[in-house]
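The values are calculated or read from the model by the stated rules, or taken from the named source; none is laboratory data. Quick caveat: nothing in here was measured; it's all calculated off a predicted structure. A quick note on method: Cβ atoms are made from the backbone with ideal geometry, for glycine too, and the neighbour counts reach across all protein chains shown. The area values use the complete protein model at the heavy-atom level, side chains included, leaving out ligands, DNA and RNA. Shrake-Rupley method; radii C 1.70, N 1.55, O 1.52, S 1.80 Å.
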Amino acid sequence: MIVTATEFKSNLGKYLEMAKKQDIFITKNGKNIARLTSPTVNKLAVLDSLVGIIPADSAMDEKTIREERLAGK
C-alpha cells in the first residue's frame, strides 16, 4: 500500500495495524521515502517458498538462485 506522509501521520494507528499484513510505502512529494514492514514476516522464507515455481528448464537452477540470493545479487 502507498500512502502520503501526511496521511500516514494522521492515521498512524491504522497503518501500524495494516503493516502486520502488508508493507506500507510512505511517499512525500510523489517520491518513496520509507517502507513500514512487519518484523515477524520472514522474507527469506517467502523467497524459499517461491523456489521451484520457475520451470526446471529455465536459465538458472534452484541452487544457483539460492547462492545468488545469499550473495546479495
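Checked against the criteria, Thr4 does not count as in contact with a helix residue (DSSP H, G or I) (Cβ under 9 Å, 6 or more places away or on another chain) and at pLDDT 85 or above.
Asn29 fulfils the conditions (1) more than 15 Å from the chain's Cα centre (by Cα); (2) modelled with pLDDT of 95 or more; (3) surrounded by 11 or more Cβ atoms within 10 Å (Cβ to Cβ); (4) not basic (Lys, Arg) except for a single criterion, (3).
Quick check on Val46: is it within 19 Å of the chain's Cα centre (by Cα) and at pLDDT 95 or above? Spelling it out, it is not the case that Val46 is within 19 Å of the chain's Cα centre (by Cα) and at pLDDT 95 or above.
Listed conditions (1) surrounded by 13 or more Cβ atoms within 10 Å (Cβ to Cβ); (2) without any contact (Cβ under 8 Å) to a residue 24 or more places away in the chain are all met by Pro39, apart from (1).
Of the residues making up the range 1-23, those that are farther than 11 Å from Arg35 by Cα, of a type in the set (Val, Ile, Thr) and open to solvent by less than 80 Å² (accessible area, probe 1.4 Å) number 1.
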